[in-house]
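Scroll down for the structure; my scribbles are underneath it.
The values are calculated or read from the model by the stated rules, or taken from the named source; none is laboratory data. Predicted, not measured: the structure shown is a model, and the values here were computed from it. As a convention, Cβ positions derive from the backbone with ideal geometry for all residues, glycine included, and neighbour counts pool all protein chains shown. Surface areas here come from the heavy atoms of the whole protein model, side chains and all, with no ligands, DNA or RNA. Shrake-Rupley method; radii C 1.70, N 1.55, O 1.52, S 1.80 Å.
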Amino acid sequence: MRLALFDLDNTLLAGDSDHAWGEYLCQRGIVDASHYRARNDAFYQDYLAGNLDVHAYQNFCQEILGRSEMTQLQAWHEEFMREHIEPIVLSKGEALLRQHLEAGDKVAIVTATNRFITGPIAARLGVDTLLATECEMRDGRYTGRLTDIPCFQEGKVQRIERWLAETEQSLEGSYFYSDSRNDLPLLERVDHPVAVDPDPVLRAIAEERGWQVISLRP
């Protein structure tokens, strides 16, 4: 079975769900908006520049999970989905997912954003397999710390390789769709790398190497 792997943020979504979650927390007054927004924006700029300290970022963004009850987090996330995610779901992205599913391909979302944020988004998009940065849990609630290998840059390759071994699959004939220079390690591993509305660095590399470049934006 051929694999079709998708990045999530700025690929299937017209925006970044991780950054948007921080904005939601600020807008709702759940966190100190001025302090939190400044740090959230700074981390996002580091991500765009390709030099994010993923451990520092996850310690920052998962802290709210560790000090909140699960029922409250669920209620916040449902509102977040309605207000921040539904407006940025790309219909062309959904059509591309359907195209691969109808062709009999195995579809997976592979994202650096943590599973708390992205689990419901993957379900909304009809994708059963999600590889994401993991949130540590203990006694039925989040600890506020990450666990496992962050699904970021080379970590995406490590997580994919482990998943392939566990599921007895291979990357033969595989596709990976992404917008970001941060995903170069995985783009270089698949047979069909596709740059989706790419950042300037990825666009230049894709054009130099003859990779397919597409847009899923309206």
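Within region 152-183, the set of residues being outside any helix (DSSP H, G or I) and farther than 21 Å from Ala206 by Cα comprises Glu168, Gln169, Ser170. When only residues in region 111-135 that are of a type outside the set (A, V, I, L, M) and in contact (Cβ under 8 Å) with a residue 60 or more places away in the chain count, which is nearest to Arg189 (Cα to Cα)? Going through the qualifying residues, I end up with Thr111. Contact annotation: residue pairs with Cβ atoms under 6 Å, 6 or more positions apart or on different chains, pairing a residue in region 188-217 that is open to solvent by 40 Å² or more (accessible area, probe 1.4 Å) and modelled with pLDDT of 95 or more with a partner that is part of a strand (DSSP E or B) and of a type in the set (Phe, Trp, Tyr), are His192/Tyr175.
Find the residue count for region 119-143, including only residues that are of a type outside the set (Ser, Thr, Tyr), assigned to a strand (DSSP E or B) and either touching a strand residue (DSSP E or B) at 6+ places or on another chain (Cβ under 8 Å) or open to solvent by 80 Å² or more (accessible area, probe 1.4 Å) (or both).
Final tally of qualifying residues: 8.
Of all residue pairs spaced 6 or more apart or on separate chains, those with beta-carbon atoms under 8 Å, a first member in region 39-58 that is in contact (Cβ under 8 Å) with a residue 40 or more places away in the chain and a second member that is among the polar types (S, T, N, Q) and assigned to a helix (DSSP H, G or I) are Tyr47/Asn182; Gly50/Asn182; Leu52/Asn182.
Taking region 88-118 as the range and being over 17 Å from the mean Cα position of the chain (by Cα), over 22 Å from Leu164 (Cβ atoms) and not aliphatic (A, V, I, L, M) as the test, the residues that pass are Ser91, Lys92, Arg98, Gln99, Glu102. Filtered by the rule that a residue be assigned to a helix (DSSP H, G or I) and in contact (Cβ under 8 Å) with a residue 60 or more places away in the chain, region 95-110 gives Leu96, Leu97, His100.
Whether any residue in region 155-174 is more than 23 Å from Gln27 (Cβ to Cβ), among the β-branched types (Val, Ile, Thr) and open to solvent by less than 20 Å² (accessible area, probe 1.4 Å) is what I want to check. Please lay out each step first, then the result.
Going through region 155-174, the residues more than 23 Å from Gln27 (Cβ to Cβ) turn out to be 155-174.
Narrowing further to those that are among the β-branched types (Val, Ile, Thr): 157, 160, 167.
In the following step, the residues that additionally are open to solvent by less than 20 Å² (accessible area, probe 1.4 Å) were identified as 157, 160.
Checking region 155-174: at least one residue is more than 23 Å from Gln27 (Cβ to Cβ), among the β-branched types (Val, Ile, Thr) and open to solvent by less than 20 Å² (accessible area, probe 1.4 Å).
In this structure, is Ala20 assigned to a helix (DSSP H, G or I) and farther than 23 Å from Leu202 by Cα? Lay out the reasoning, then the answer.
Working: assigned to a helix (DSSP H, G or I): yes; farther than 23 Å from Leu202 by Cα: no.
No; evaluated as a whole, the condition is false for this residue.
Per-residue answers, yes or no, for (1) in contact with a Gly (Cβ under 8 Å, 6 or more places away or on another chain); (2) surrounded by 15 or more Cβ atoms within 10 Å (Cβ to Cβ); (3) among the aliphatic types (A, V, I, L, M):
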site: Ala38; (1), (2), (3): no, no, yes
site: Ala56; (1), (2), (3): no, no, yes
site: Gln62; (1), (2), (3): yes, yes, no
site: Thr71; (1), (2), (3): no, no, no
site: Val89; (1), (2), (3): no, yes, yes
site: Gly93; (1), (2), (3): no, yes, no
site: Ala103; (1), (2), (3): no, no, yes
site: Phe116; (1), (2), (3): no, yes, no
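Inspection of region 144-154 identifies at least one residue that is without any contact (Cβ under 8 Å) to a residue 60 or more places away in the chain, open to solvent by less than 30 Å² (accessible area, probe 1.4 Å) and under 24 Å from Ile117 (Cβ atoms). Contact annotation: residue pairs with Cβ atoms under 6 Å, 6 or more positions apart or on different chains, pairing a residue in region 70-90 that is touching a residue at least 60 places away in the same chain (Cβ under 8 Å) and farther than 14 Å from Gly22 by Cβ with a partner that is among the hydrophobic types (A, V, I, L, M, F, W, C) and open to solvent by 30 Å² or more (accessible area, probe 1.4 Å), are Ile88/Ala14; Leu90/Ala14.
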